[in-house]
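What follows is a set of notes on a single structure, which appears directly below.
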Amino acid sequence: MQIQLPFIVRLTLTLLSILMLGYLAIIGKSILSPLLFSLLLAFLMLPLANFLEVKLKLTRSLATILTVVIMLTVIYGVGHFFALQLSELWNDWPLLEKQVTNSFHELQHWISKTFHVNISKQETYLADSAEKALATSATVVGTTLITLSSSLLFVAFTLLFTFFFLNYRRLLYKFLSTVFIEEHRTKVTETVNEIQYIIKKYITGLFIQMVIVSMLMVLTLSILGVKYAILLGLVAGIFNIIPYLGISISLIISVLITFATAGATKALFVLFAYVGIHTIDGNILMPLIVGSKVKINALIAFIGIVVGEMLWGISGMFLCMPYLAMLKIIFQKVDGLHAWAILLGEEQKVPRIKKRRSLFKTKKVIKTDERTN
């Protein structure tokens, strides 16, 4: 016999659970963040590890080591390419600074003529803002050093956790399938298999989407004659993983660099190019490549990004979407949580035209019946 708790008790327990989970996420950021990120990497590298172990007849440890080494090689290649592009940008920095200064003086004269605000008042306002910025510069430098050290720690933990997840994947799978009671074991196994398939498909789809968006941006910026088109295109593709906010950040960076190197007209063309490619990505690439099973609606996605940034910073923004998709699958499988799966997903379209036709036919039949009577 099940005891039904009052609504206020269930609500209190739910809120307390959310608060405790949030507190544990904050204090365990240095461990949980690379742990969850490495779990996604393990899902992504799992086919390669299985291929090395099954097809090439390697031991599981050796196959896992080779998989991690290949992953490190790819990451190093991408990082080295970015370093070369950034060094080129750094060499041209004095020229960019000069062009920005000239554009800023032109903007000052335009504001003075249009809004009748003399240049001395503008410089006074900017000087006050600069003093406030310099007052917090020490804090910014300290935060940057802490972020750099924590990033190195994050990478080290991620590599270790990825190795352990791949090496002990069968042990973890057996644990998940046996930890529940017998009557729920079949559903748990189905849920784990579906999560593994969907998340692997989701991460692979995100990677393909990132490559396509990067290629489109590089091609478009190259056609427009934008300097550093390859660097800006890659930044747009990588930041596109963060929904809504990522494309905005890369847009601001690209527009500022284009404005400094080529002027306002070409910066406006870059803005239109970003809007067009983002429209193609959201309406064609995302549904076609990633699919609708793991699609999260815009409201929940935006809330997840904000909460992820508040808890774990940039890593929380990257991790929120795949784990929201994972939660959606779990909610669909667990009895009593289907409403939460509906909340996370997209609104289903209702075929209104068919309903109107059926109502019209019904009215027609009623009228013919009245005539016969």
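Below is a table of values for the structure above.
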| item | result |
| --- | --- |
| Filtered residues of the stretch 43-88 (kept if of a type in the set (Lys, Arg) and either in a helix (DSSP H, G or I) or touching a Pro at 6+ places or on another chain (Cβ under 7 Å) (or both)) | 55, 60 |
| Unmet requirement for residue 29, which otherwise passes all of (1) basic (Lys, Arg); (2) surrounded by fewer than 17 Cβ atoms within 10 Å (Cβ to Cβ); (3) within 27 Å of residue 324 (Cα to Cα) | (2) |
| Answer residue from the stretch 176-218, given it is among the aliphatic types (A, V, I, L, M) and without any contact (Cβ under 8 Å) to a residue 12 or more places away in the chain and is nearest to residue 267 (Cα to Cα) among those | 179 |
| Qualifying residue in the stretch 174-186 (condition: open to solvent by 30 Å² or more (accessible area, probe 1.4 Å) and under 21 Å from residue 41 (Cβ atoms)) | yes |
| Elements of type helices (runs of 4 or more DSSP H) contained in the stretch 221-290, each with 2 or more residues being within 15 Å of the chain's Cα centre (by Cα) and without any contact (Cβ under 8 Å) to a residue 24 or more places away in the chain | 229-239, 245-262 |
| Answer from 10, 60 - the residue that is modelled with pLDDT under 85 and basic (Lys, Arg) | 10 |
| Among (1) closer than 30 Å to residue 298 by Cβ; (2) modelled with pLDDT under 80; (3) touching a Leu at 6+ places or on another chain (Cβ under 9 Å); (4) open to solvent by less than 40 Å² (accessible area, probe 1.4 Å), the one test that residue 241 misses | (4) |
| Qualifying residue in the stretch 189-198 (condition: modelled with pLDDT of 85 or more, surrounded by fewer than 19 Cβ atoms within 10 Å (Cβ to Cβ), of a type in the set (Val, Ile, Thr) and at negative phi) | no |
| Count - residues of the stretch 77-110 that are of a type in the set (Val, Ile, Thr) and at pLDDT 75 or above | 1 |
| Residue identified as open to solvent by 40 Å² or more (accessible area, probe 1.4 Å), modelled with pLDDT of 85 or more and among the polar types (S, T, N, Q) among 222, 214, 248 | 222 |
| Odd one out for residue 40, checked against (1) surrounded by 19 or more Cβ atoms within 10 Å (Cβ to Cβ); (2) of a type in the set (A, V, I, L, M, F, W, C); (3) not in a helix (DSSP H, G or I) | (3) |
| Subset tally (residues that are open to solvent by 20 Å² or more (accessible area, probe 1.4 Å), without any contact (Cβ under 8 Å) to a residue 60 or more places away in the chain and either among the aromatic types (Phe, Trp, Tyr) or not in a loop (DSSP other than H, G, I, E, B) (or both)) for the stretch 295-319 | 10 |
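Residues checked against (1) without any contact (Cβ under 8 Å) to a residue 24 or more places away in the chain; (2) open to solvent by less than 70 Å² (accessible area, probe 1.4 Å):
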{"position": "34", "(1), (2)": "no, yes"}
{"position": "58", "(1), (2)": "yes, yes"}
{"position": "64", "(1), (2)": "no, yes"}
{"position": "91", "(1), (2)": "yes, no"}
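The values are calculated or read from the model by the stated rules, or taken from the named source; none is laboratory data. Just so you know, these numbers come straight off a predicted model, no measurement behind them. Neighbour counts are summed over all protein chains in view; Cβ atoms, including those assigned to glycine, are modelled from backbone coordinates with ideal geometry. These area figures cover heavy atoms from the full protein model, side chains too; ligands, DNA and RNA do not enter into them. Shrake-Rupley method; radii C 1.70, N 1.55, O 1.52, S 1.80 Å.
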